[in-house]
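The structure appears below as structure tokens.
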Amino acid sequence: MRETALPEHILIKLEKPARYIGHEVNMVRKNKDEVDIRFAMCFPDVYEIGMSHLGIQIIYEQLNRRIDTYCERVYSPWTDLDTIMRDESIPLFALESQEPVKVFDFLGITLQYEMSYTNVLQIIDLSQIHIWSKERTEDEPFVIGGGPCAYNPEPLADFFDLFYIGEAETVMDKLMDVYKEHKQNKGSRHDFLRKAAEVEGIYVPSLYMVRYNQEGLIESFNPTVPEAPEVVVRQVVSDMGQQLPYPEKPLVPYIQAAQDRVVLEVMRGCIRGCRFCQAGFVYRPTRNRSIDELKRLLKSMLDSTGHDEVSLSSLSSSDYTYLQEIVNHIIDEYKGKYVNISLPSLRIDEFSLEVMSKVQDVRKSSLTFAPEAGSQRLRDVINKGLTEESILSGAGKAFQGGWKKVKLYFMLGLPTETEEDLIDIAVLSDKVAQTFYKIPKEDRQGNGRIEITSSSSFFVPKPFTPFQWVKQDTMEEFLEKAKIVRSAMNQVQNRKSIKYQWHNAGTTILEGVLARGDRRLSKVLYAVYRMGSMFDAWTEHFKLENWQRAFSESGIDMDFYTTRERSQDEILPWDFIDIGVSKDYLYREYENAIKGKVTPNCRQSCSGCGAAVFQGGVCYESQN
Amino acid sequence: MKARIKFSKTGIVKYMGHLDVLRYFQKAFRRSGIDICYSMGYSPHPIISFAAPLGVGLESTGEYMDIELNSAESSQVMMEKLNHVMVEGFHIEKFVHLENATKKDNGMAITAAADYHVEFSTEGADWTLFFEQLMNQEQIVLTKRSKTRVKEVDIKPMIYQWKLLSGGVELKLATGSTQNLKPDLVMDGLEDILRMSIQYTVSRSEIYAVGKEALHFVPLWQMGEDF
């Protein structure tokens with residue numbers, strides 16, 4: 001039998017032992033003695049979540065294409081195994097070789113959401129690597145971070161040796177080459193970090209000095225060695241139409257993953273520019289993958305996995321230039337082979353309704369709209385180009401087609417929001433219901449009722465958005481607003497058809513702190529981790545009181561990061577990163593927001609955000 | 001046509017649960033290109049039915065599933081196609097045609113017994129004598145716990161055969177929907193005699209249907225033929 005890092009008597013008592021055994025279908029096998037670089041790529045959450053993430057699979061493919069590198073995977077041990085590993089001092093291991101992460105050259109950790117930060121510390125700690133980067137010795141792996149939260153890496157700066165800012169396809173190989181040369185020359189840890197800092201897009205936090213003034217604001221943020229650049233430039237693939245590394249033979253987990261299907265990324269970036277949305281700015285410009293390449297990838301992925309479903313992935317699939325073509329291709333080519341298609345992030349219109357009615361049981365599936373705000377005024381503030389008219393006409397068509405479930409997503413706490421805007425959430429939900437009840441009773445299907453679920457999350461201002469300067473609401477304000485919406489919901493005509501729910505406000509506050517935090521937060525993260533907090537993204541494991549205690553013991557005020565409005569000239573912790581979109585543009589957009597002035601999307605007209613510097617995508621499409 | 005597949009599940013894949021094994025084979029059939037029949041509805045899936053679920057942590061060299069095919073090549077080719085897409089630990093042993101089989105002939109319905117091998121993992125100790133003592137009791141009354149209730153049962157009539165080996169035992173136990181005895185419960189009996197808990201590993205090696213006479217059992221693959 002193949003060796004497992006964990007002995008049988010431990011595996012057998014775990015909730016899902018198959019999380020930890022590796023050797024899934026399409027796993028990459030290499031002889032560890034025949035490679036120069038061993039890279040452990042980690043998603044700091046449980047296996048089923050981490051295995052569903054496309055980005056890691058792309059990096060897995062990209063690094064394993066190199067003969068000199070073996071990239072393996074690591075996920076967070078669930079709480080049952082976590083306890084055992086601590087009690088018995090078992091080091092965290094990678095799934096492929098089942099060997100301890102601490103013998104690897106790199107531990108890469110993807111940073112997808114703020115509430116995974118305690119799990120980042122869990123991963124480093126269970127690996128038996130020093131948690132603080134400055135304490136790491138020559139033999140320990142380099143800990144490198146990347147992903148969306150790396151656009152403000154500062155709260156984690158003291159735990160990471162390096163951060164990769166941007167898309168892995170560009171300079172990951174170069175970084176590995178630099179490392180290989182360094183290893184052959186037997187250089188010191190510090191030598192490598194200085195060399196790595198010279199690679200465009202690499203940020204080495206220990207090579208920068210931050211000074212604060214008396215009010216606690218950043219006074220200066222400067223490199224301390226000549227190799228470290230003052231500004232770190234985001235890495236962007238300028239042409240997504242070319243052949244790029246992609247998991248052509250994706251891993252197929254033994255246990256059901258959250259995403260149990262083929263994922264086809266059709267496009268990167270978004271043309272819309274919703275002002276609250278970080279992804280809408282940090283992934284600019286919008287770039288299409290080529291339709292022929294997608295067809296080729298799809299065939300390879302379906303053949304090699306045996307999946308019976310494909311999901312089209314992008315920030316806004318309706319804006320993909322060849323959407324109809326790829327959807328029709330999937331239906332024509334694969335429907336007879338029992339392949340289903342899943343279409344998240346799709347605008348509800350005639351085309352999407354027609355497609356959905358072909359592939360789903362409309363009586364059971366629900367229709368999703370994300371108006372984000374209840375009133376047109378506030379939707380203009382956030383630049384959400386979805387009108388009441390288009391929602392109601394889309395819903396009307398869907399109801400004619402037999403749909404009977406609708407989900408509506410809103411945000412509370414948006415800048416300039418008034419009580420009227422909140423009440424309008426209930427009014428809009430009610431109008432959707434009215435649209436349904438306008439259909440004559442005899443033409444309605446089933447029991448003739450509509451089920452509307454309206455959900456609201458609380459707004460978190462994010463770095464690199466036009467709202468990066470604004471005040472976030474307090475917990476009390478959030479809950480007060482949710483109450484206003486709830487009571488408005490209780491008064492509308494079709495209240496019995498509408499269910500209203502809202503997210504956890506405690507998590508929102510912490511997301512807000514960490515999203516716009518600085519280096520001083522590392523001691524809070526360390527303290528809360530030492531109190532036993534992890535899996536904070538899981539409601540049942542999130543303990544607000546731990547965080548509150550950690551902040552007060554560290555002498556750090558949460559409000560400084562959340563409810564404080566920043567001035568235009570304040571040095572923000574993430575200002576050293578150049579995402580292409582300029583700070584001036586973001587501020588102009590902020591001013592437009594306050595005025596309720598809508599900015600057209602990138603295909604309507606260029607608004608000069610700065611992303612054209614990457615020389616690709618929508619910025620260079622012929623604009624008719 | 002209806003077909004029956006005998007396969008083994010050994011090594012680390014023993015940590016996969018029953019439903020995960022089902023999902024694994026659904027995908028494996030799709031990878032293999034075998035022309036298996038699908039269910040109807042909005043999410044059609046290959047129709048596979050297992051004879052007897054195997055617990056997590058147990059290895060087996062005698063697992064069974066029944067499937068239905070739209071078209072087929074020879075047994076040999078079908079086995080090769082499926083083995084070609086297996087991961088280490090799963091191996092197809094037999095692929096036979098069930099002629100004139102109806103619903104009541106499916107593996108799950110006819111399963112009556114199974115062979116288990118129990119290996120004691122406590123080094124230096126030999127429990128076989130005590131096991132003999134257990135088997136020689138007129139009745140073996142034990143407490144059986146299910147999710148909802150606790151009851152006393154005499155398991156002796158459900159032990160069809162037993163044999164002592166060095167460091168372990170072989171058992172033929174009632175298996176299936178009418179009567180089902182898990183090897184763990186037999187070991188509970190041994191632990192009662194020893195007044196201590198012991199370490200052991202269990203594996204399954206064959207599943208049977210009832211034969212022509214009493215206590216005569218036929219391995220499930222024998223009900224079909226190579227093609």
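The values are calculated or read from the model by the stated rules, or taken from the named source; none is laboratory data. Source: prediction; values computed, not measured. Glycine gets a Cβ as well: all are built from the backbone with ideal geometry, and neighbour counts include every protein chain shown. Ligands, DNA and RNA are stripped out before the accessible areas are found, and what is left, the full protein with its side chains, is counted by its heavy atoms. Shrake-Rupley method; radii C 1.70, N 1.55, O 1.52, S 1.80 Å.
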When the range B:123-148 is checked residue by residue, the ones that are open to solvent by 80 Å² or more (accessible area, probe 1.4 Å) and under 25 Å from the mean Cα position of the chain (by Cα) are B:Arg145, B:Lys147, B:Thr148
Looking across the range A:100-114 at residues that are open to solvent by 10 Å² or more (accessible area, probe 1.4 Å) and out of contact with any Phe, Trp or Tyr (no Cβ under 6 Å at 6 or more places or on another chain), the single one that is farthest from A:Thr79 (Cα to Cα) is A:Asp105
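Grab the helices (runs of 4 or more DSSP H) fully contained in the range A:510-609, keeping just those with 3 or more residues being closer than 14 Å to A:Gln468 by Cα. Break it down into steps so the answer makes sense when it comes.
Numbers: elements: A:522-530, A:544-554, A:558-561, A:583-595.
By residue number, A:583-595.
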- Query: Does at least one position in the range A:307-321 carry a residue that is surrounded by fewer than 22 Cβ atoms within 10 Å (Cβ to Cβ), assigned to a helix (DSSP H, G or I) and of a type in the set (Val, Ile, Thr)?
  - Reply: no
Would you mind stating whether A:Asn328 is within 29 Å of the chain's Cα centre (by Cα) and part of a loop (DSSP other than H, G, I, E, B)? no
In the set A:Gln98, A:Gln128, the lone residue that is outside any helix (DSSP H, G or I) and without any contact (Cβ under 8 Å) to a residue 40 or more places away in the chain is A:Gln128
Residues in the range A:1-58 that are away from chain B (no Cβ under 12 Å), open to solvent by 20 Å² or more (accessible area, probe 1.4 Å) and within 29 Å of the chain's Cα centre (by Cα) total 8
Checked pairs for the range B:13-40, first open to solvent by 40 Å² or more (accessible area, probe 1.4 Å), second part of a helix (DSSP H, G or I), C-beta under 9 Å and 6 or more apart or across chains, list as B:Arg30/A:Leu302; B:Arg30/A:Asp303; B:Arg30/A:Thr305; B:Arg30/A:Lys337; B:Gly33/A:Asp303; B:Gly33/B:Lys81
Note: among B:Gly62, B:Gly55, just one is out of contact with any Ser or Thr (no Cβ under 9 Å at 6 or more places or on another chain) and among the small types (Gly, Ala, Ser), namely B:Gly55
Condition set more than 24 Å from A:Met475 (Cα to Cα) and loosely packed, with under 15 Cβ neighbours inside 10 Å, scope the range A:576-595, selection farthest from the chain's Cα centre (by Cα): answer is A:Lys595
The residue that is farthest from A:Val236 (Cα to Cα), considering only those in the range A:263-273 that are hydrophobic (A, V, I, L, M, F, W, C) and surrounded by fewer than 23 Cβ atoms within 10 Å (Cβ to Cβ), is A:Val263
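Looking only at the range A:364-415, how many residues end up being assigned to a helix (DSSP H, G or I) and open to solvent by less than 20 Å² (accessible area, probe 1.4 Å)? Steps first, answer last, please.
Residues of the range A:364-415 assigned to a helix (DSSP H, G or I): A:376-381, A:388-400.
Next, from what is left, pick out any that are open to solvent by less than 20 Å² (accessible area, probe 1.4 Å): A:378-379, A:381, A:391, A:394-396, A:398-399.
Residues that pass the stated criteria total 9.
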Being open to solvent by 20 Å² or more (accessible area, probe 1.4 Å) and either modelled with pLDDT under 90 or part of a strand (DSSP E or B) (or both) narrows A:Ser345, A:Ser352 down to just A:Ser345
Taking the range B:164-183 and keeping residues charged (D, E, K, R) and either loosely packed, with under 13 Cβ neighbours inside 10 Å or assigned to a loop (DSSP other than H, G, I, E, B) (or both) leaves B:Lys182
The residue that is farthest from A:Pro153 (Cα to Cα), considering only those in the range A:513-531 that are open to solvent by less than 10 Å² (accessible area, probe 1.4 Å) and aliphatic (A, V, I, L, M), is A:Val528
Across (1) aliphatic (A, V, I, L, M); (2) within 14 Å of chain A (Cβ to nearest Cβ); (3) open to solvent by 10 Å² or more (accessible area, probe 1.4 Å), B:Ala72 clears everything bar (2)
Across the range B:35-48, the tally of residues that are in contact with a Pro (Cβ under 9 Å, 6 or more places away or on another chain) and either closer than 17 Å to B:Glu73 by Cβ or more than 8 Å from chain A (Cβ to nearest Cβ) (or both) stands at 3
